[in-house]
Amino acid sequence: MNNEFPRVLALLRKERGLSQKVVAGELGISQALLSHYEKGAREPGLDFLCKAASFYNVSVDYLLGRSSERRPGEELPDVQQAPDNSLRGRNVFSALGKNLTVSAVNVLFGLMEMEQTKEFAACAQQYLGISIYKVFRHLTMANPGHLQGLFSLPEMAFLETGNAAQQMCELQLKLLAAQMAKKGTVTQPMDYEAIRARFPRDSAAFFNVLKRAEDEIRAV
């Protein structure tokens, strides 16, 4: 079983505001076993996957973290199934990554839409813009014929320079956050339930991105 399944299973339950005891009863298993599934300590069988997908009204692929489309039968656009079962058209992982990232950014900037946080939001946009620039620079390096004229920074220096620029942005974000905390300008709640209620469409992707980032940082 992949690493996404436990996270998605737990998120779906929390989105419904249900306890493990209630969900376990609905799915015909013990609370302890459901807890093991949500922690990734045990792997479920096909019967449980089908029951859980039906209970949460999502596809099994969504439950397994293999699709960003929740409803059974929904497919990503521009992806076609070839006779040999390979996927043609748009890169599936690229499409999933795009959906997750766009949703996460929607939530992030939605939390910074107050007048009092405009300077913080501008600095955050700067930080993310540098990330996009760096990723695109790496992507163009995969194509020997890429257009050097797009960039003014030397190829051998852009990564170090970009890292330094992002560190400056992070320092500025930290200083701005400290100033806002001192003034008490940000009063809106930012816990799981508040974000889920305010962003029902994008919150699951947002928390998914946060959890993945924590896992990747922890693994370094």
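The values are calculated or read from the model by the stated rules, or taken from the named source; none is laboratory data. Owing to the predicted nature of the structure, the values given are computational and were not obtained by experimental measurement. Note: ideal-geometry Cβ built from the backbone for every residue, glycine included; neighbour counts use all protein chains shown. Please note that ligands, DNA and RNA were not included when accessible areas were found on the heavy atoms of the full protein model with its side chains. Shrake-Rupley method; radii C 1.70, N 1.55, O 1.52, S 1.80 Å.
Looking at Lys134, Lys174, Lys182, can you tell me which residue is open to solvent by less than 70 Å² (accessible area, probe 1.4 Å) and over 30 Å from Arg13 (Cα atoms)?
Numbers: Lys174 fails: open to solvent by less than 70 Å² (accessible area, probe 1.4 Å); Lys182 fails: open to solvent by less than 70 Å² (accessible area, probe 1.4 Å).
So the residue among Lys134, Lys174, Lys182 that is open to solvent by less than 70 Å² (accessible area, probe 1.4 Å) and over 30 Å from Arg13 (Cα atoms) is Lys134.
Based on this model, can you work out whether Gln188 counts as touching a helix residue (DSSP H, G or I) at 6+ places or on another chain (Cβ under 8 Å) and of a type in the set (S, T, N, Q)?
Values: touching a helix residue (DSSP H, G or I) at 6+ places or on another chain (Cβ under 8 Å): yes; of a type in the set (S, T, N, Q): yes.
So Gln188 fits the description; yes.
For the stretch 1-70, give me every one of the helices (runs of 4 or more DSSP H) that falls completely inside it and has 1 or more residues that are touching a helix residue (DSSP H, G or I) at 6+ places or on another chain (Cβ under 7 Å), touching a residue at least 24 places away in the same chain (Cβ under 8 Å) and closer than 24 Å to Thr101 by Cβ. Write out each step before concluding.
Details: elements: 4-16, 20-27, 31-39, 46-56, 60-63.
Result: 4-16, 46-56, 60-63.
Does the stretch 156-170 contain any residue that is modelled with pLDDT of 90 or more, in contact with a helix residue (DSSP H, G or I) (Cβ under 6 Å, 6 or more places away or on another chain) and either open to solvent by 60 Å² or more (accessible area, probe 1.4 Å) or not aliphatic (A, V, I, L, M) (or both)? Steps first, please.
Let us first name the residues in the stretch 156-170 that are modelled with pLDDT of 90 or more, namely 163-170.
Filter once more, so that each one left must be in contact with a helix residue (DSSP H, G or I) (Cβ under 6 Å, 6 or more places away or on another chain): 165-166, 169.
Add one more test, that the residue is either open to solvent by 60 Å² or more (accessible area, probe 1.4 Å) or not aliphatic (A, V, I, L, M) (or both), and what stays is 166, 169.
So far as the stretch 156-170 goes, yes, one or more of its residues are modelled with pLDDT of 90 or more, in contact with a helix residue (DSSP H, G or I) (Cβ under 6 Å, 6 or more places away or on another chain) and either open to solvent by 60 Å² or more (accessible area, probe 1.4 Å) or not aliphatic (A, V, I, L, M) (or both).
Considering only residues that are surrounded by 13 or more Cβ atoms within 10 Å (Cβ to Cβ) and without any contact (Cβ under 8 Å) to a residue 24 or more places away in the chain, which ones fall in the stretch 194-209? Outline the logic, then answer.
Filtering the stretch 194-209 for residues surrounded by 13 or more Cβ atoms within 10 Å (Cβ to Cβ) gives 194-196, 198-199, 202-209.
The answer is Ala194, and nothing else.
Go through the stretch 118-172 and count every residue that is outside any helix (DSSP H, G or I) and within 24 Å of Val186 (Cα to Cα). Talk me through it step by step, then tell me what you get.
Narrowing the stretch 118-172 to residues outside any helix (DSSP H, G or I): 142-147, 151-157.
Filter once more, keeping what is within 24 Å of Val186 (Cα to Cα): none.
Final tally of qualifying residues: 0.
Quick check on my filter: what residues within the stretch 15-54 are closer than 21 Å to Glu193 by Cβ, buried (at least 17 other Cβ atoms within 10 Å of the Cβ) and under 23 Å from the mean Cα position of the chain (by Cα)?
If the condition is that a residue be closer than 21 Å to Glu193 by Cβ, buried (at least 17 other Cβ atoms within 10 Å of the Cβ) and under 23 Å from the mean Cα position of the chain (by Cα), then Glu38 is the only one that fits.
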